[in-house]
Amino acid sequence: MGKFPLFPEQASTFAPDVDHLTYFLLAVAVFFTVLIFCSIFYLAIRYRRRSDGELPHVPHGGLALEIVWSVIPFGITMVMFTWGASVFFNESRPPNNAMPLYVVAKQWMWKIEHMEGQREINELHIPLGRAVRLTMASEDVIHSFYVPAFRVKQDVVPGKYSTIWFQPTKPGKYHLFCAEFCGTRHSGMIGWVYVMQPRDYQNWLSGGAPAGTLAESGEKLFTDLACSNCHKADGTGRCPSLEGLFGKTVQLANGAKIVADEPYIRESILHPAAKIVAGYLPVMPTFQGLVTEDGVLQLIEYIKSLGPKPIVGGGGALGK
Amino acid sequence: MITAAVPERENYLNNAYGIKSWLLTRDHKRIGLLYLFTVTLFFFLGGAFATMIRIELLTPQGNFVSSETYNKLFTMHGVAMIFFFLIPAIPATLGNFFLPMMIGARDLAFPRINLLSWYLLVIGGLFSLFAMLAGGVDTGWTFYTPYSTTYSNSWVIATALGIFISGFSSILTGLNFIVTVHRMRAPGMTWMRMPLFVWSHYATALIQVLGTPVVAVTIILLFCERVFHIGIFDPTLGGDPVLFQHMFWFYSHPAVYIMILPAMGIVSELVSVFSRKPVFGYQFVAYASMAIAVLGFLVWGHHLFVSTQSVYAALVFSFLSYFVAIPSAIKVFNWTATLYKGSISFATPMLYAFGFIGLFTIGGLTGLFVAALGFDVHVTDTYFVVAHFHYIMVGGTIMAYLGGLHYWWPKITGRMYPEGWAKLSALIIFLGFNLTFFPQFILGYLGMPRRYHVYPDEFQVLHVLSTAGASVLAVGYLMPMIYFIWSLRYGKVASANPWGATGLEWQTPSPPPVHNFDVTPIVTHDAYDYSTVIGQEVEVG
C-alpha cells in the first residue's frame, strides 16, 4: 500500500467480493457520468445561441427513446440488486464451524470475550484463515462493529443480540471502529483487530492468565446468583433443569415451541415472564440490573457447557 | 436610476410600507420573501457550523473544539440545514412566490394559512435556536434512541419541539399548494399545460402532507419516552430502539424528495427557457415526479441494512430502492435531450442547471451504490454516505435553488443581478463543491466513519482537501449574497420578460402588481411554447 491508497486493504474473504461489486458499480457510474457530461458539453456548444431572435424547430418527442432509457437502466440496476444481495446473503450466514466469540459494547469501549476465558478491551486477536462468529450485546446505546479491512459492519443494539462473521485472509493489524454515533467519545471507541498465524494465536491464548474459561466463570455466577436453588440439575427444582437444554426445542406454556438459543436464554434471564416453559409457574424474578451483559454471556456459555454439543451458527444467525 | 418625474408603477413591494405591512401580509409574494430571509439566516447559521466542523477536521487530533462541542456542531449543522433550510428553501420561497403566478392565480388558496405557516417555521426555528444557544444538542440530526431518550444530557426536547412545530409549517404549505393547484388554475391551464415546476411542487406537497405527520408522531413518542419513560424505544423497559429508526426514516427518506423534487422542477424550467424548447418528454418528466413521490414512501428500510433488520426485509428494501432510480434517470436523460437542436444560452441560471445535472448525476449514481446490500454494509455510516447525500442536497438542491433565485431575481426585485459575477459564482461553487465532497467518497470507502471528532492519521490528506474545498465553496456562497443585495439598488432595471420565457409569471410586470395579473390570463398553449414569445421559427443546427 502506498501513502495515498484509494482502496482499503483486503483482509477477509468478503473483501474481494465487495471490491468486485464496487468495480462493477464504478464502471457503470463512470460510464453514465461521462455520457451525461459529454452529451451536455457537446450539445450545449453545438447548439449555442447564435442570435437573440432564434427560435428552434421543435422535434417530436420519442416514446421509443423514453422506453430505451428506462428499460436499460432498470436492467442494469437489477444486476446491481442481485449482486449486492448475494454478497449480503453470504455475510449473513456464518458457517457452522465458525469460532464463537462474544463482544460487549459500552460507552466507549469494546470488550471481547474468548471461550477460553481471555478477555480483551479494544483489541481482538483472531487466527488467520478461521471463520469467526461474534455474538454482540450492548450495555447502553446502539454501537456498530466495523472493520473496514474485512468490509463488514453490524450494529450492536441494546436489548438484543446481533451477530457478524468473517474469515481473515491476511495477517496484520486492522482498524476496529464504532460506526454508529454513541455519544461524547464516539470517535474514541476504536481498537485493533490482530490477525495472527494459528500457532502465534495458540501462544497468545496460553500466554494470558485467565480466571478460567467463559463457561467456568458462568458456573461461578450461576452459583453466586443462587440460580441453582431452583434450576436443579435433576429436574426436581421449582424451575426447569438446564441440563442439555441448549439447542433443544422447548414447549412453552402458551403452546408455542421455541429453540433454546442465545437470544432465548438471554431473554429468560432478563425478562423471565416473557416465555414460560410448559408445566412451570412464572416464579422467576428478573435479573435485569443484577447481571451485566458479560455476565449473561457467561451464563449462556455455562448452560451450553451442560450439553448437548453446542450448535454454532445455526438458528438465530439468519435473523441478524 | 428612477427619475422623480415618472411616478413608479404600483407593485407588491411599494403598495405598503412599514413593518406591519410585512408581518401581517397575506400576499404570497411577500410571504415568499419572509421565507427567503428566514431560510437564508438558517443557511448561514448551518454554514457556520459546517465551517467549524471542517476546521476541526484539518488535523487528526481533536484540537479546535472538544468532543462535546464537535458532536453538537454536526448535530446543529444537520438540524439547521435540513429542517430550517433545505425543506422550506425552494417550496416556501420560490414555490410560494411563483406557484400561484405560474398557474395564473391571484394568490394561494388560503393566504392566512400561508402566513401562519411562516410563523410556525419562525416559532419552530426559535425553539431550535434557543436550544442551540442554551447549550446545544448532541444526538445527530437523526435522534437515534436510546441515546436521545436516555443517555444524552443536551437540549433534545427543545430541539425536537422546534422540529415538531416547523413540521406543521411544512404540512400547511403542502396543503395550500395541493388545493391551489386543484382549484385556482387560470382558464385553459389544464394539468398537461402546467409548468413542470408546478408538477414537481404538487408531488412535493403530497409528501409534505402525508409524510410529515409521521415525524410529528415520532417526535411526540420521543418526548414521552424521554420525559415519562414509557418504554416504547428503551430496551430496558421492553421497548425497541430500532422501531424509532423505522418511524424516523419513514418520514426522513421521503423528506429527501421534499428537498430534491422542487429542485428538479426549477431545473426543468431553466433547461427549457435557456434552450428555448419544450422539455423533452414533458409528460414523462411530470409523471416521474409523481412516481418519485409515491415510491419514496416504500424505501425507508434501506437506511437500516445493518441495524438488525431482518435479511429478507433488507432484500425487499434494496429491491424497491432501485425503482426510485428510474424516474430520476428519466429526468436526467430528458433534460439532456432537451438541449438537442435547441438555442442554448449560457446565462447564469443555465450554468447552475448544468451544475445541478452533473452533481445530481453523481449523487444519484452513488445512490445506486448504497442501495446494493453488500456494498452498503461496508460504507453505511461512513463518509461515503456523507458525500452521497451532500451531492444530492448541496450539489442538487442548493445548485437548483441558486439557479432559480438568479432566474427569478428580476421578477422578484425588478432588478438584474450582475451577470459576470454571477457566472463566476456558479463556477466557484461547482469547483468548490467537488473539491469538498469528492474526497469524502474515497474517505468513506477507506473506512472513515461519520461523526468522528478524532480520526486516524492516514485519513488526513483527504480531509485537508475537503476543508480546502469548503473554503472555496464558502466564497462561492457569499458572492451571490453580496451581489444580490448590491443589485437591489444598483442592478439594471429588469423588463417584464428578460429571458424570453413562456411562464405566466413573465407576462406581468417586474416586480408584479399586488394581485399578480391586471387581467386574469387565459391559457391557450402548452407550457414552453416559445413561438408565443419569440419571433419566427428558424431551423437550428
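The values are calculated or read from the model by the stated rules, or taken from the named source; none is laboratory data. Just so we're clear, the structure is a prediction, and the values are computed from it rather than from any experiment. So basically every Cβ, Gly included, is an ideal-geometry build from the backbone, and we count neighbours across all protein chains shown.
Observations, loosely collected:
- Conditions (1) hydroxyl-bearing (Ser, Thr, Tyr); (2) closer than 22 Å to B:Arg276 by Cβ; (3) in a helix (DSSP H, G or I); (4) more than 7 Å from chain B (Cβ to nearest Cβ): number failed by A:Ser39: (4)
- Any hit, the range B:220-231, residues being assigned to a helix (DSSP H, G or I), buried (at least 22 other Cβ atoms within 10 Å of the Cβ) and either at negative phi or among the small types (Gly, Ala, Ser) (or both): yes
- Residue list for the range A:136-146, restricted to those being within 8 Å of chain B (Cβ to nearest Cβ) and crowded, with 24+ Cβ neighbours inside 10 Å: A:Val141, A:Ile142, A:Ser144, A:Tyr146
- Any hit, the range A:51-68, residues being within 30 Å of B:Phe369 (Cβ to Cβ), outside any loop (DSSP other than H, G, I, E, B), among the acidic types (Asp, Glu) and more than 7 Å from chain B (Cβ to nearest Cβ): no
- Matching option when the condition is buried (at least 24 other Cβ atoms within 10 Å of the Cβ), small (Gly, Ala, Ser) and facing chain A (nearest Cβ under 10 Å), among B:Gly396, B:Gly342, B:Gly404: B:Gly342
- For the range A:81-122, a residue qualifies if it is within 14 Å of chain B (Cβ to nearest Cβ), more than 18 Å from the chain's Cα centre (by Cα) and surrounded by fewer than 17 Cβ atoms within 10 Å (Cβ to Cβ), and exactly one does: A:Thr82.
- Some residue of the range B:134-154 being surrounded by fewer than 24 Cβ atoms within 10 Å (Cβ to Cβ) and of a type in the set (Asp, Glu): no
- Total residues in the range A:193-225, condition among the small types (Gly, Ala, Ser) and either touching a residue at least 12 places away in the same chain (Cβ under 8 Å) or under 17 Å from A:Leu306 (Cβ atoms) (or both): 6
- Selected residue (only one of B:Ser318, B:Ser307 is at the interface with chain A (Cβ under 10 Å from one of its Cβ atoms), within 30 Å of A:Phe145 (Cα to Cα) and in contact (Cβ under 8 Å) with a residue 60 or more places away in the chain): B:Ser307
- Output for the range B:366-381, where each listed residue is more than 7 Å from every other protein chain (Cβ to nearest Cβ) and within 20 Å of A:His143 (Cβ to Cβ): B:Asp376, B:Val379
- Taking every residue in the range A:11-32 that is β-branched (Val, Ile, Thr) and pairing it with any residue that is outside any helix (DSSP H, G or I) and surrounded by fewer than 22 Cβ atoms within 10 Å (Cβ to Cβ), at least 6 positions away or on another chain, the pairs with Cβ-Cβ distances below 7 Å are A:Thr13/A:Gln167; A:Thr13/A:Thr169.
- Evaluating B:Leu359 against the criteria (1) in contact (Cβ under 8 Å) with a residue 60 or more places away in the chain; (2) within 14 Å of chain A (Cβ to nearest Cβ); (3) buried (at least 23 other Cβ atoms within 10 Å of the Cβ); (4) touching a strand residue (DSSP E or B) at 6+ places or on another chain (Cβ under 9 Å) leaves one unmet condition, (4).
- Criterion (more than 9 Å from chain B (Cβ to nearest Cβ), surrounded by 18 or more Cβ atoms within 10 Å (Cβ to Cβ) and outside any loop (DSSP other than H, G, I, E, B)) met by exactly one of A:Arg199, A:Arg133: A:Arg133
- Considering the conditions (1) in contact with a Ser or Thr (Cβ under 8 Å, 6 or more places away or on another chain); (2) charged (D, E, K, R); (3) in contact (Cβ under 8 Å) with a residue 60 or more places away in the chain, A:Glu54 is excluded by exactly one of them, (3).
Okay, residues lined up against (1) at pLDDT 95 or above; (2) closer than 30 Å to B:Phe244 by Cβ; (3) surrounded by fewer than 24 Cβ atoms within 10 Å (Cβ to Cβ):
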residue: B:Ile171; (1), (2), (3): yes, yes, yes
residue: B:Leu175; (1), (2), (3): yes, yes, yes
residue: B:Thr180; (1), (2), (3): yes, no, no
residue: B:Arg193; (1), (2), (3): yes, no, yes
residue: B:Trp199; (1), (2), (3): yes, no, no
residue: B:Thr204; (1), (2), (3): yes, yes, no
residue: B:Leu210; (1), (2), (3): yes, yes, yes
residue: B:Val214; (1), (2), (3): yes, yes, yes
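- Matching entry among A:Ala131, A:Ala85 (being at pLDDT 95 or above and touching a helix residue (DSSP H, G or I) at 6+ places or on another chain (Cβ under 7 Å)): A:Ala85
- Candidate set: the range A:11-36, residues that are of a type in the set (S, T, N, Q) and facing chain B (nearest Cβ under 7 Å); chosen: the one surrounded by the fewest Cβ atoms within 10 Å (Cβ to Cβ): A:Thr33
- Qualifying positions in the range A:247-296 - touching a residue at least 24 places away in the same chain (Cβ under 8 Å), under 26 Å from A:Trp110 (Cβ atoms) and in contact with a helix residue (DSSP H, G or I) (Cβ under 8 Å, 6 or more places away or on another chain): A:Asp261, A:Glu262, A:Pro263, A:Ile265, A:Arg266, A:Ile269, A:Leu270, A:Phe287, A:Val291, A:Gly295, A:Val296
- Flag for A:Glu301 being closer than 21 Å to A:Pro100 by Cα and without any contact (Cβ under 8 Å) to a residue 40 or more places away in the chain: no
- Taking every residue in the range B:57-75 that is among the acidic types (Asp, Glu) and pairing it with any residue that is not in a helix (DSSP H, G or I), at least 6 positions away or on another chain, the pairs with Cβ-Cβ distances below 7 Å are B:Glu68/A:Thr184; B:Glu68/B:Asp138.
- Taking the range B:445-466 as the range and being more than 19 Å from B:Tyr70 (Cα to Cα) and in contact with a strand residue (DSSP E or B) (Cβ under 8 Å, 6 or more places away or on another chain) as the test, the residues that pass are B:Tyr445, B:Gly447.
- Extreme residue, surrounded by the most Cβ atoms within 10 Å (Cβ to Cβ), among residues of the range A:202-212 that are modelled with pLDDT of 85 or more and out of contact with any His (no Cβ under 6 Å at 6 or more places or on another chain): A:Leu205
- Hits in the range B:290-328 (condition: in contact with a Leu (Cβ under 6 Å, 6 or more places away or on another chain) and of a type in the set (S, T, N, Q)): B:Ser318
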